[in-house]
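Taking it in order: structure first as C-alpha cells, then the write-up.
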Amino acid sequence: MNMQIFRVGSRVVAMFAMIAASHVQAQPVPEGCVKDLSGRISCPPIGGEAHMTISGQAVCGKGRCVRDLSGKITCSSMPGGQVTKDVSGRIACAGSCEEASASYCRVLQ
C-alpha cells in the first residue's frame, strides 16, 4: 500500500518538475543580456553592457564596464565607451565613469 502511494507521489513530483522546467526554458537569453534570479531578462542599451550584481540584480552601463574587488560595477558614461582598470585597481573611463544602474537596462517581456 505504501508502495502505491510512493508511485503516485513520484508521478506528481515528476510532472511538477517537467512543468517547472518548461517555464524556465521558455525564453532564451539574447547575447549580451542577463537573466536575474526572478527570471527577468535585462538587456543593455546599444554600446553598453549588462551585468549581475553580487545580490543578483541586473544592472547596465551605457558603455563598457568593470567590476572592482568589492563588487561595484563601474561603466563609461559614453555609449560604446571604453573603461580600464590598472594594477592598483584605479578605474578610468572614456567620457566619465558612472555606476551601472538597473534604470539603463531594457527588460524583455
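Bear in mind these aren't lab numbers, they're just calculated from the coordinates by the rules spelled out. Because the structure is predicted, anything quoted here is derived from the model rather than measured. When we count neighbours, we look across all protein chains shown, and the Cβ atoms used for this are built from the backbone with ideal geometry, even at glycine.
Order of Asp36, Asp86, Asp68 from fewest to most other C-beta atoms within 10 Å?
Values: Asp36 18, Asp86 8, Asp68 12.
Starting with the residue having the fewest Cβ neighbours, the order is Asp86, Asp68, Asp36.
Residues Thr84, Thr53, Thr74, ranked from the fewest to the most other C-beta atoms within 10 Å, line up as Thr84, Thr53, Thr74. Over its Cα atoms, what ratio of radius of gyration to 2.2 N^0.38 Å does segment 30-108 give? Relative to the 2.2 N^0.38 Å estimate, segment 30-108 comes out at 1.03.
One equal scatterer on each Cα of segment 45-86, no solvent, Debye formula: the resulting log10 I(q)/I(0) at q = 0.23, 0.32 Å⁻¹ is -0.70, -1.08. From least to most packed, judged by other beta carbons within 10 angstrom and beginning with the fewest, Ile54, Ile73, Ile91 follow the order Ile54, Ile91, Ile73.
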